[in-house]
Amino acid sequence: MKTAQFLASVGIAALALSVGAFAKDTHSGNFTVSDKVEVGSTQLDPGNYKAEWTGPANDVKVVITRRGKTVATTDGKITTLQQPAPYSAVLTKQTNNNTLKLDEIEFNNRSEALQLGGE
C-alpha cells in the first residue's frame, strides 16, 4: 500500500514538472529585422533574433540574442496593445544621423509589446 502511494506521488510530481517544461515562455519572443537597426549602441544586421526580458513591466532589462549568443542589451518596458498583434513586427525610428533605431517589438498573437530604450 505504501509503495502504491509512493509511486502515485512520484508520478504526479513527474507530470507536474513535465507540464512546466512545456509551458510557453511569456518573457521572450522571436522577431526578424530586415534592415540594419541600432539597439542602444549596437548595430544589428538583418536576420532572426530573440528578445528576453526580466523585471517589472515599466522597467525591464532586455537581452537580445542571435543563434544563442547575446548581441545586445538595453532597458525597456512592456506596453499593452488594444488587441493581440496579428503577426510579429518591429517598429523603428530614424535618428538624427539617419540610422534606424529599433523602437518596439510586437509579438505574434500577443497583446503585449516590448518598447526598447525605456522611453
Any chance the range 89-97 includes a residue that's in a strand (DSSP E or B), touching a Lys or Arg at 6+ places or on another chain (Cβ under 8 Å) and either buried (at least 17 other Cβ atoms within 10 Å of the Cβ) or of a type in the set (Ser, Thr, Tyr) (or both)? yes
Please state which of the following conditions Ala57 fails to meet, knowing it meets all the rest: (1) under 13 Å from the mean Cα position of the chain (by Cα); (2) modelled with pLDDT of 95 or more; (3) surrounded by 12 or more Cβ atoms within 10 Å (Cβ to Cβ). (2)
Over the range 61-85, the set of residues of a type in the set (Gly, Ala, Ser) and part of a strand (DSSP E or B) is Ala72, Gly76
Filter pass, Lys2 being surrounded by fewer than 10 Cβ atoms within 10 Å (Cβ to Cβ), more than 17 Å from Ile105 (Cβ to Cβ) and modelled with pLDDT of 95 or more: no
Identify the residue in the range 98-109 that is surrounded by 13 or more Cβ atoms within 10 Å (Cβ to Cβ) and not charged (D, E, K, R) and, among all such residues, is modelled with the lowest pLDDT. Thr99
Quick one: in the range 60-88, of everything that is more than 13 Å from Leu102 (Cβ to Cβ) and of a type in the set (A, V, I, L, M), which residue is surrounded by the fewest Cβ atoms within 10 Å (Cβ to Cβ)? Leu81
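Yes/no per residue for (1) of a type in the set (D, E, K, R); (2) farther than 18 Å from Asn30 by Cβ:
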| position | (1), (2) |
| --- | --- |
| Asn48 | no, no |
| Asn58 | no, yes |
| Gly68 | no, no |
| Thr74 | no, no |
| Pro84 | no, no |
| Lys101 | yes, yes |
| Glu104 | yes, no |
| Asn108 | no, no |
| Leu114 | no, no |
Reported set for the range 40-60 where residues are of a type outside the set (S, T, N, Q), in contact with a Lys or Arg (Cβ under 8 Å, 6 or more places away or on another chain) and either part of a strand (DSSP E or B) or farther than 13 Å from Ile78 by Cβ (or both) is Leu44, Asp45, Pro46, Gly47, Tyr49, Lys50, Trp53, Val60
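The values are calculated or read from the model by the stated rules, or taken from the named source; none is laboratory data. These numbers were taken from a predicted model, which means no experiment stands behind them. Glycine also receives a Cβ, built like all others from the backbone with ideal geometry; neighbour counts cover every protein chain displayed.
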